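*Asks:* The structure follows.
The values are calculated or read from the model by the stated rules, or taken from the named source; none is laboratory data. These numbers come from a predicted model, not from an experiment. Counting neighbours? That spans all protein chains shown, and the Cβs are built from the backbone with ideal geometry, glycine included.
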């Protein structure tokens, strides 16, 4: 969870996770690599869940830039997936960000649209429109990572039950060629074609 209201001078990033993930020093390093200052960190344990808060600033003030806020969220998700793969299931349900998963699955019939366009010589723009649901961002990032494509930034938007997301992506420092773009589109269409897949449907 990214909290902009609790502290007047700093942005607060709060995560909830089990003790096995430790103090997340690697996440602090990843935030610093974005040019952010981690001014304070607090850890509190409630039952088996550890609540960790990072107070972060940029240029001595609260982070206000929407693009940077999205980069922070992407960095945390990518960092957890990279260093703590065991966190994937809980992260997908939003538990690390204090989100309670719904008791019942939502099954709505919304068409999935995926488009890749050039966005300069060094990156491409990936557009995704699909049914919104818990863990969608994580699911998309994992699919992109499985094709060895890098996510540089993202713009996340939701209109009702529809997620409309944009991702700046690249492959080895360059834009995606037509073949790789088609592979990515096919993978995303396949995995996102239904909002939910029952566990016993395989």
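*Asks:* Just to be sure, is residue 77 at pLDDT 80 or above and not assigned by TED's automatic domain parsing to the domain that holds residue 189? Don't jump to the end; show me each part of the working.
*Replies:* Numbers: at pLDDT 80 or above: no; not assigned by TED's automatic domain parsing to the domain that holds residue 189: yes.
Against the criterion (at pLDDT 80 or above and not assigned by TED's automatic domain parsing to the domain that holds residue 189), residue 77 does not qualify.
*Asks:* Among the residues of the stretch 162-188, write down those that are surrounded by 18 or more Cβ atoms within 10 Å (Cβ to Cβ) and in contact (Cβ under 8 Å) with a residue 60 or more places away in the chain.
*Replies:* Answer for the stretch 162-188, where residues must be surrounded by 18 or more Cβ atoms within 10 Å (Cβ to Cβ) and in contact (Cβ under 8 Å) with a residue 60 or more places away in the chain: 176, 181, 184, 188.
*Asks:* I'd like to check something: does the stretch 88-101 contain any residue that is in contact with a helix residue (DSSP H, G or I) (Cβ under 6 Å, 6 or more places away or on another chain), surrounded by 13 or more Cβ atoms within 10 Å (Cβ to Cβ), under 21 Å from residue 165 (Cα atoms) and modelled with pLDDT under 60?
*Replies:* Looking for residues that are in contact with a helix residue (DSSP H, G or I) (Cβ under 6 Å, 6 or more places away or on another chain), surrounded by 13 or more Cβ atoms within 10 Å (Cβ to Cβ), under 21 Å from residue 165 (Cα atoms) and modelled with pLDDT under 60, one finds at least one in the stretch 88-101, hence yes.
*Asks:* Just to verify a result, which residue in the stretch 5-19, among those that are at pLDDT below 65 and over 17 Å from the mean Cα position of the chain (by Cα), is surrounded by the fewest Cβ atoms within 10 Å (Cβ to Cβ)?
*Replies:* Per the stated criteria, the residue is 19.
*Asks:* Please tell me if residue 116 is closer than 21 Å to residue 34 by Cα and crowded, with 16+ Cβ neighbours inside 10 Å. Before the answer, list the steps.
*Replies:* Values: closer than 21 Å to residue 34 by Cα: no; crowded, with 16+ Cβ neighbours inside 10 Å: yes.
No, not satisfied.
*Asks:* Among the residues of the stretch 25-57 satisfying the criterion of being surrounded by 11 or more Cβ atoms within 10 Å (Cβ to Cβ) and in a loop (DSSP other than H, G, I, E, B), which is modelled with the lowest pLDDT?
*Replies:* Per the criteria, the residue is 34.
*Asks:* Regarding residue 22, is this residue at pLDDT below 75, out of contact with any strand residue (DSSP E or B) (no Cβ under 7 Å at 6 or more places or on another chain) and farther than 14 Å from residue 76 by Cα? Break it down stepwise before answering.
*Replies:* Values: at pLDDT below 75: yes; out of contact with any strand residue (DSSP E or B) (no Cβ under 7 Å at 6 or more places or on another chain): yes; farther than 14 Å from residue 76 by Cα: yes.
Answer is yes for this residue.
*Asks:* Would you mind stating whether residue 154 is assigned to a strand (DSSP E or B) and in contact with a helix residue (DSSP H, G or I) (Cβ under 8 Å, 6 or more places away or on another chain)? Let's see the steps before the verdict.
*Replies:* On the way: assigned to a strand (DSSP E or B): yes; in contact with a helix residue (DSSP H, G or I) (Cβ under 8 Å, 6 or more places away or on another chain): yes.
Considered against the rule, which asks whether it is assigned to a strand (DSSP E or B) and in contact with a helix residue (DSSP H, G or I) (Cβ under 8 Å, 6 or more places away or on another chain), residue 154 comes out as yes.
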